[in-house]
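The values are calculated or read from the model by the stated rules, or taken from the named source; none is laboratory data. Predicted, not measured: the structure shown is a model, and the values here were computed from it. Because the Cβ atoms are built from the backbone with ideal geometry, glycine has one as well, and the counts that use them run over all protein chains shown.
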Amino acid sequence: MRAKTHLKTNDQVEVIAGKDKGRVGKVIKVIASEGKVIVEKVNMIKRHTKPSQLNQQGGIIEKEAAIDASNLMLICPKCTKTSRLGKKKLEDGSKVRICKKCNESVEAKA
């Protein structure tokens, strides 16, 4: 079953709970089936790896681990504040995410 998430790849987010509270980063990957998100330079873990064909050196690698989407809050690109999200239907029938504080769209212009 797919869990609902309010975040998308390349969103700017702030951690609101946990050991990295207050840290800001960009969403690298959304794992919708688990309701988790991987954020750049947040929730870093050390992974001990054996030497292999891909990684001939082996050793301790530091990488980002998944963090629950409920512990993250989107930073609005217009008002630069953390804000909850709403959804709005446009005249052409498409849906966009809007910032609840400034009422502006948070979608990236494509």
Q. Which is surrounded by 10 or more Cβ atoms within 10 Å (Cβ to Cβ) and basic (Lys, Arg), of Lys50, Lys87, Lys81?
A. Lys81
Q. Does Gly86 fit the bill of being without any contact (Cβ under 8 Å) to a residue 24 or more places away in the chain, part of a strand (DSSP E or B) and among the small types (Gly, Ala, Ser)?
A. yes
Q.
Looking at segment 36-51 only, could you name the residues that are assigned to a strand (DSSP E or B) and within 30 Å of Ile16 (Cβ to Cβ)?
A. Lys36, Val37, Ile38, Val39, Met44, Ile45, Lys46, Arg47
(Q) If a residue must be outside any strand (DSSP E or B), in contact (Cβ under 8 Å) with a residue 24 or more places away in the chain and surrounded by 14 or more Cβ atoms within 10 Å (Cβ to Cβ), how many such residues does segment 19-31 contain? (A) 1
Q. Got a number for residues in segment 52-75 being assigned to a loop (DSSP other than H, G, I, E, B) and at pLDDT below 95?
A. 7
Q) Hey, any hits in segment 66-83 for a residue that's assigned by TED's automatic domain parsing to the domain that holds Lys100 and free of Cβ contacts under 8 Å to residues at least 12 places away in the same chain? A) yes
